[in-house]
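Q: Got a structure for you, questions after.
Computed from the coordinates by the stated procedures, all read-outs in this text should not be read as laboratory data. Since the model is a prediction, treat every value here as computed from it, not as a measurement. Neighbour counts are summed over all protein chains in view; Cβ atoms, including those assigned to glycine, are modelled from backbone coordinates with ideal geometry.
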């Protein structure tokens, strides 16, 4: 699901950066060391993202945010995305 930027606060980049800094640029689920700003890109698997535990982008309370590598973030969102697709009648047939 693409990110709906309208649902995020105007200072989302700063919030997300602070969460990643607090995590030491490591995934808080699997412990993988991820790329820091300025480090060369090697794979999306080492991209650190910020996950909303309750899946509500407007809820940026620190207790609702966790730093996850891209693969862990995809796994964390899988059920939510499936339910969202089902609720909107979207099929993922290929």
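Q: Measure nothing but the geometry: give the 0 to 90° angle between the long axis through the Cα atoms of 70-87 and the longest principal axis through the Cα atoms of the chain, rounded to 10°.
A: Tilt of helix 70-87: around 20 degrees.
Q: Could I ask something else about it? Can you give me the angle between helix 12-22 and the longest principal axis of the chain, using Cα atoms only, in degrees from 0 to 90, rounded to the nearest 10?
A: Once rounded, the angle reads 60 degrees.
Q: Follow-up. Once fully extended, how much extra length lies between residue 59 and residue 13, figured as 0.36 nm per residue of separation less the alpha-carbon to alpha-carbon distance?
A: So the chain would gain 15.1 nm between residue 59 and residue 13.
Q: Going by average Cβ density within 10 Å per residue, which order do the peptides 3-14, 63-74 take, highest to lowest?
A: Output ranking for 3-14, 63-74: 63-74, 3-14.
Q: Further, regarding this structure: Sticking with the crude label model, points 7 Å out along Cα→Cβ, report the distance from residue 42 to residue 26 in nm, one decimal please.
A: Inter-label distance under the simple model: 1.7 nm.
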